[in-house]
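Below: the structure, in structure tokens.
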Amino acid sequence: MSAWVRVALLAVVTTAAIVAQDPTLPDVMRRVHEYVTIYEDHVLSGMVAQEIYHQQVLDAGGSVREERRLVSEYVILQLPPDEAWYGFRNVIEVDGKPQPERLHRLEEIFASTRPDPVGQAMQLAGESAKFNVGAVYRTVNLPTFVLSFLRPANRKRLTFDSAGREEIDGTPTWIVSYRETKESSFVSTPTGKDLKVTGRFWAEPSTGRVMRTELNIGPERGTPWKGQIVVSYQYDQQSDAWLPATMREVYENPRKASDGRITGDATYANYRPLALRKGR
């Protein structure tokens, strides 16, 4: 992390430190919005990590019906024309078998001069989703997905409530619940049906630093499956920043136990700048 970015993040901490010791929810949310804005712009932008992702389909008795181990590159970038944020997974190994044709997909998409980088990126997301096991099609199983809810531009799309306190790795945090209220949904089914999201996040109240996130989806009418994704952040010494370390997901159909459960456990390491090739 550059020195001036570290100063910018420190400014958020310093400003928060001089206000009342017992902040209000609006105080905490303001710091969270500030933190996420700086964090995405100057910490995550253009950074890639190695993701090791173990997925299983379990039957009603808990026995493994199907499983898969994926090794991927995970990156978050802003893309033109709107400079919106997107997280991407590029699967490069499946059950120990390299996928050589996908090895340089990220570089080829984001460094090329071809039009419609967003469309190409969405194609990459769809291709990667095909490697998921189980009956639930999903592209939201991304460790930084919930951060998009906490951007200042999206604060009117959700309601936030204080949901308690918890200490994480020695750091006191506020638990804040969120619920989507606007019509345009962050999540939709492959057929285009919107699914409202709920969940929680854990933030250090004095700085707004996000240390854990939880996302809940479904069940809703016509969509019987429900899912939960929990991501934990840890300090990465090499990057001098708090970054996603683990992701745990569970999907199940509460109306039909025989469908079993889908689980996924991912770990993240080797964070580094994304080295882009020259455009073609």
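The values are calculated or read from the model by the stated rules, or taken from the named source; none is laboratory data. Predicted, not measured: the structure shown is a model, and the values here were computed from it. Neighbour counts run over all protein chains shown; Cβ positions are idealised from the backbone, glycine included. Each accessible area value is taken on the protein alone, full model and side chains, heavy atoms only, with ligands, DNA and RNA left out. Shrake-Rupley method; radii C 1.70, N 1.55, O 1.52, S 1.80 Å.
Brief remarks on what is shown
- So Arg157, is it under 17 Å from the mean Cα position of the chain (by Cα), more than 18 Å from Val230 (Cβ to Cβ) and touching a residue at least 12 places away in the same chain (Cβ under 8 Å): no
- Index of the failed condition, Pro190 passing every other in (1) free of Cβ contacts under 8 Å to residues at least 40 places away in the same chain; (2) farther than 24 Å from Thr159 by Cα; (3) surrounded by fewer than 19 Cβ atoms within 10 Å (Cβ to Cβ): (1)
- Condition met for Val43 (β-branched (Val, Ile, Thr), assigned to a helix (DSSP H, G or I), modelled with pLDDT under 90 and within 19 Å of Pro143 (Cα to Cα)): yes
- Pick from the stretch 232-259, criterion more than 25 Å from Thr207 (Cβ to Cβ) and of a type in the set (Ser, Thr, Tyr), ranking: most open to solvent (accessible area, probe 1.4 Å): Ser258
- Residues in the stretch 217-231 that are touching a residue at least 60 places away in the same chain (Cβ under 8 Å) and either in contact with an Asp or Glu (Cβ under 7 Å, 6 or more places away or on another chain) or open to solvent by 20 Å² or more (accessible area, probe 1.4 Å) (or both): Ile217, Trp225, Gly227, Ile229.
- For the stretch 159-205, the set of residues classified as in contact with a strand residue (DSSP E or B) (Cβ under 6 Å, 6 or more places away or on another chain) and of a type in the set (Asp, Glu) consists of Asp161, Glu166, Glu180, Asp194, Glu204, listed by residue number.
- Residue in the stretch 89-97 that is over 21 Å from the mean Cα position of the chain (by Cα), in a loop (DSSP other than H, G, I, E, B) and at pLDDT 75 or above present: yes
Residue by residue, here is whether (1) buried (at least 20 other Cβ atoms within 10 Å of the Cβ); (2) over 26 Å from Arg65 (Cα atoms); (3) free of Cβ contacts under 8 Å to residues at least 60 places away in the same chain holds:
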| position | (1), (2), (3) |
| --- | --- |
| Glu183 | no, yes, yes |
| Thr198 | no, yes, yes |
| Gly208 | yes, yes, no |
| Leu215 | yes, no, no |
| Arg261 | no, no, no |
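- Of residues in the stretch 24-61 being within 16 Å of the chain's Cα centre (by Cα) and among the aliphatic types (A, V, I, L, M), the one surrounded by the fewest Cβ atoms within 10 Å (Cβ to Cβ): Ile52
- Some residue of the stretch 164-173 being of a type in the set (Val, Ile, Thr), more than 25 Å from Tyr39 (Cα to Cα), outside any loop (DSSP other than H, G, I, E, B) and open to solvent by less than 30 Å² (accessible area, probe 1.4 Å): no
- Tally, over the stretch 136-158, of residues that are exposed (fewer than 12 other Cβ atoms within 10 Å of the Cβ) and either in contact with a strand residue (DSSP E or B) (Cβ under 6 Å, 6 or more places away or on another chain) or hydrophobic (A, V, I, L, M, F, W, C) (or both): 1
- Enumeration of residues in the stretch 98-140 that are modelled with pLDDT of 85 or more and assigned to a helix (DSSP H, G or I): Ala129
- Among residues of the stretch 62-72 being within 22 Å of Asn90 (Cβ to Cβ) and open to solvent by 20 Å² or more (accessible area, probe 1.4 Å), the one that is farthest from the chain's Cα centre (by Cα) is Glu67.
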